[in-house]
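Report on the structure given below.
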Amino acid sequence: AVGLEPTYGRAWRFLFDCLYQLERWEDLDRAALDAISAEPDDHAAWGRLRQAREAKGLSGLTRFHWPTVGRVVPKPGGKGVEIQVRSIREGQDSLDGALELAVLLVRTACLGDDPNARKALQLEGASPFQQELKAWSSALAVLREHSQGGKEPKVDAAWKQVLDFDRVGHLETALFLLAFRSDYRRDFEAWKRQNPKAIGIFIARFGLRP
């Protein structure tokens, strides 16, 4: 069933249960990875992958929480958008607020009604995933700029982890696995064909789950 319909979660869960009862940890590991490759937001698959890893003496998986970022929502009537900032606090001396704004400004350009804003960011015709990748990449550019000359800006640990994802070429992987949305599907399938081993490499390297 999973071969015919790899996004059918119930079939995967039945397979997981069978392999778990038989203590076939390698098979459970592979099945969970295959299920995650089909549906990155399948939490049952992530849980079974953790069990398989622990049964083999490997460390489990840690839940990753993305940096605090607000929302961009359409205003009533569909005219313009409203930016809802979350991380900025009066007197805060960290860079978190500037990084959040960098993300939100890109999202505003994508969701707003100004085509010139999207054009300036080279996001004309960009998919939802490409837009989100640009948003996080823009924030990381700000973080890198403030890290020049050996400086260590005060930022939340989650930002440092996102920077590390990007440093080793896995920012896209992180967004697909740890922040998957249904409207990422087309980009995800194309990316998997070009990077068939990236999911396994990412999980082995970082040990993170959504």
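The values are calculated or read from the model by the stated rules, or taken from the named source; none is laboratory data. Computed from a predicted model, the values in this text were never measured in an experiment. Glycine also receives a Cβ, built like all others from the backbone with ideal geometry; neighbour counts cover every protein chain displayed. Side chains are part of the model used for accessible areas, which takes the heavy atoms of the whole protein and leaves out ligands, DNA and RNA. Shrake-Rupley method; radii C 1.70, N 1.55, O 1.52, S 1.80 Å.
The mean accessible area for residues of the stretch 35-137, using a 1.4 Å probe and ignoring ligands and nucleic acids, is 54 Å² per residue. Quick one: P(r) of the chain from all Cα-Cα pairs, 5 Å bins, percents rounded to integers, in order of increasing distance. Here the calculated profile for the chain is 1, 7, 13, 15, 17, 14, 12, 9, 6, 4, 1, 0.
Under 5 Å between amide hydrogens, built in the peptide plane, is the criterion, and for V81 it picks out K75 among residues at least 5 positions away or on other chains. In a fully extended conformation the segment linking E82 and S182 would gain 33.6 nm over its present Cα-Cα distance, using 0.36 nm per residue. Sticking with the crude label model, points 7 Å out along Cα→Cβ, report the distance from Q130 to V168 in nm, one decimal please. The two pseudo-label positions are separated by 2.8 nm.
Test of the criteria: in the stretch 103-210, which GluC sites (Glu not before Pro) are in a DSSP loop and have at most 11 other Cβ atoms within 10 angstrom of their Cβ?
Details: sites: E124, E132, E145, E172, E189; in loops: E124.
Within the stretch 103-210, the qualifying GluC sites (Glu not before Pro) (loop, at most 11 other Cβ atoms within 10 Å) are E124.
Label sites at E54 and N116, each approximated as a point 7 angstrom past Cα along Cα to Cβ, lie 5.7 nm apart. Stretching E152 away from D27 to a fully extended chain increases their span by 40.6 nm, per 0.36 nm per residue minus the current alpha-carbon distance.
Of all accessible surface on the stretch 18-141 at a 1.4 Å probe, what whole percent is carbon and sulfur? Kindly include the intermediate steps, with their values, before the conclusion.
Working: 3260 of 6790 Å².
Carbon-and-sulfur percentage of accessible area, whole number: 48.
Would you mind computing the Rg to Rh ratio of the stretch 150-210 from its alpha-carbon coordinates, Kirkwood style for Rh?
Working: Rg = 13.0 Å, Rh = 12.6 Å.
Taking Rh as the inverse mean 1/r over Cα pairs, Rg/Rh reads 1.03.
Cross-link partners of K154 among lysines, defined as those whose alpha carbon lies under 23 angstrom from its own and excluding same-chain residues fewer than eight positions apart: K134.
In the stretch 38-81, which trypsin sites (Lys or Arg not before Pro) fall in coil by DSSP and have 12 or fewer other Cβ atoms within 10 Å?
On the way: sites: R48, R50, R53, K56, R63, R71, K79; in loops: K56, K79.
Sites meeting the loop and neighbour criteria: K56, K79.
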